[in-house]
Each structure stands twice: as C-alpha cells, then as structure tokens.
Amino acid sequence: MPLTNPQNEKILHHHRIAEDAKRNTVHRVPSSTHAPHLNFWEKRRGRFKDEVSTRSACDWFSSFIPMAKWIREYDVKGTLLQDVIAGLTVGVMVVPQSMSYAKL
C-alpha cells in the first residue's frame, strides 16, 4: 500500500532526517517545497541589511525607547510648567478614584 497522503509523507520525511542524523549526514530540503517562509525573507534580505547598517546607535536606542526621540526636541521653558500641572491634576483625580475602586 503506497503512502501518499501528506501526513505519511511528513512522517517519512522526519524519519529520514532522524536516520541521516544517526549516520551524521545532512539531508538537504529545497526551501521552496518545505519552507515557503524563507522566500519572504530572501526577497527582503537586501533591503533589511541596508536599513540595519545605515541606522546609528541613537536611532536604535530611540526605536526601543520612544522618549529618547522626542526628549531631544522638548521645549523645557515653554511646556514644562504646563506638563507638571497636567500630571498633578491627573494624579489628584486618578489616585482617589483607583483607591475607591480597590475597596469594591
């Protein structure tokens, strides 16, 4: 009885890989048949390398911590007082509200 359904082919493929590993040989599988996601990365590899190599350390840091990007352009004299007042107002409202919800 031939083994033609995909499940049996997958089992045979894994069995063949296990046998090759026992013999210390490598079983090469074409990327287009068993790993279609590789084609996605192969197409975009050049663009990704260019983007990674052209970014500075400051750009990388600001991509992980967004505040690092806008803090350089922050107008301390013009907006710091308004931001502190807004923060205190929100804190005065949120702390008692959260405490009352905690009692429920």
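For beta carbons closer than 6 Å, sequence separation of 6+ or different chains, a first residue in the range 38-65 that is among the hydroxyl-bearing types (Ser, Thr, Tyr) and a second that is open to solvent by 70 Å² or more (accessible area, probe 1.4 Å), the qualifying pairs are Ser62/Lys69. The combined condition, being over 19 Å from the mean Cα position of the chain (by Cα), exposed (fewer than 11 other Cβ atoms within 10 Å of the Cβ) and in a helix (DSSP H, G or I), is fulfilled by Val90. From the set of residues in the range 53-74 that are among the β-branched types (Val, Ile, Thr) and over 18 Å from the mean Cα position of the chain (by Cα), which is surrounded by the most Cβ atoms within 10 Å (Cβ to Cβ)? Ranking the candidates gives Ile71 first.
The values are calculated or read from the model by the stated rules, or taken from the named source; none is laboratory data. Please read all numbers here as calculations on a predicted model, not as lab measurements. Counting neighbours? That spans all protein chains shown, and the Cβs are built from the backbone with ideal geometry, glycine included. Remember, those area values only see protein heavy atoms, side chains included, never the ligands or the DNA or RNA. Shrake-Rupley method; radii C 1.70, N 1.55, O 1.52, S 1.80 Å.
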